[in-house]
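So the structure is just underneath, and the comments pick up after that.
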Amino acid sequence: MKREVVIKFEDVKSYIHIFSKHYVDEIIDAVEPFAMDYIESPFGFAETDGLNDIDECIRQIEHMFWQYDVAENKRERNRMIKQTIKIETERWKMRNAWAYGRYIGRLAYLINKKKSNQKSWIDVVVEGMQKSA
């Protein structure tokens, strides 16, 4: 059963920007197709299947991005980023993802789940009117 997608990838990217100091936009953008598909079918990846805490997920993502800030120099950092994007892109061709796609996909799934479980203001008003009737 596919899940309803109630978020945009920009919501995920904004969340990472707020809670991560070491993010790399080029890598985040590279995993967007996988992450948005992952929302609909979030199973089959052992390292993320049991991850149901948004804060823990962002810690894992932060830990992965941290390596780019400790690169020896800018040239090495850029080489590492290009290599990561290449790996993620190649894996996506196989309808799969490497660690960045999987964790960012899981974050997208968790944010989508949280948002879809929240009632909109109109739902609350309608529910209140039904109770008072």
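None of the figures in this text is laboratory data; all of them are computed from the coordinates on show. Quantities reported herein were computed from a predicted structural model and do not represent experimental measurements. Every residue, glycine as well, gets a Cβ built from its backbone with ideal geometry; the counts of neighbours run over all protein chains shown.
Normalised by the number of residues in the chain, the mean separation of alpha-carbon contacts (under 8 Å, six or more apart) gives a relative contact order of 41 percent.
Structure remark: mean-square fluctuation, Gaussian network model of the chain, C-alpha springs under 10 Å; the largest value among 70, 24, 12 belongs to 70. Computed from backbone phi with θ = phi - 60° and the Karplus coefficients 6.51, -1.76 and 1.60, the 3J(HN,Hα) list for the stretch 94-110 is 9, 6, 9, 8, 8, 4, 5, x, 5, 6, 5, x, 5, 4, 4, 4, 5 Hz; x is used for glycine and proline.
Whole-Hz Karplus values for the stretch 79-90 come out as 4, 4, 5, 4, 5, 5, 4, 4, 4, 4, 5, 5 Hz, taken residue by residue from phi with 6.51 cos²θ - 1.76 cosθ + 1.60 and θ = phi - 60°; glycine and proline positions read x. Ranked by how many other Cβ atoms sit within 10 Å of their own Cβ, fewest first, the residues 49, 37 fall in the order 49, 37.
Is it possible to state the helix-based mean residue ellipticity at 222 nm for the chain, with each DSSP H run of 4+ residues giving -39500 (n - 2.57), the sum divided by total residues, to the nearest 500 deg cm²/dmol? What is it? Please list the in-between numbers first.
Details: 8 runs with 97 residues, N = 133.
Estimated from H runs of four or more residues: -22500 deg cm²/dmol.
Annotation for residue 72 and residue 4: the two label points, set 7 Å from Cα along the Cα-Cβ direction, are 5.3 nm apart. Taken over the stretch 42-82, the convex hull of the Cα atoms encloses 85 Å³ per residue.
For the stretch 27-103, the square roots a ≥ b ≥ c of the C-alpha gyration tensor eigenvalues yield an a/c of 1.5 or more together with a/b not exceeding b/c, which makes the shape oblate.
Pairwise Cα distances in the chain exceed 19 Å in 53 percent of cases. Going by neighbour counts of Cβ atoms within 10 Å, the residues 23, 109 line up, fewest first, as 23, 109.
For the stretch 1-102, trypsin sites (Lys or Arg not before Pro) are listed when DSSP marks them as loop and at most 16 other Cβ atoms sit within 10 Å of their Cβ; the list is 2, 3, 8, 21, 95.
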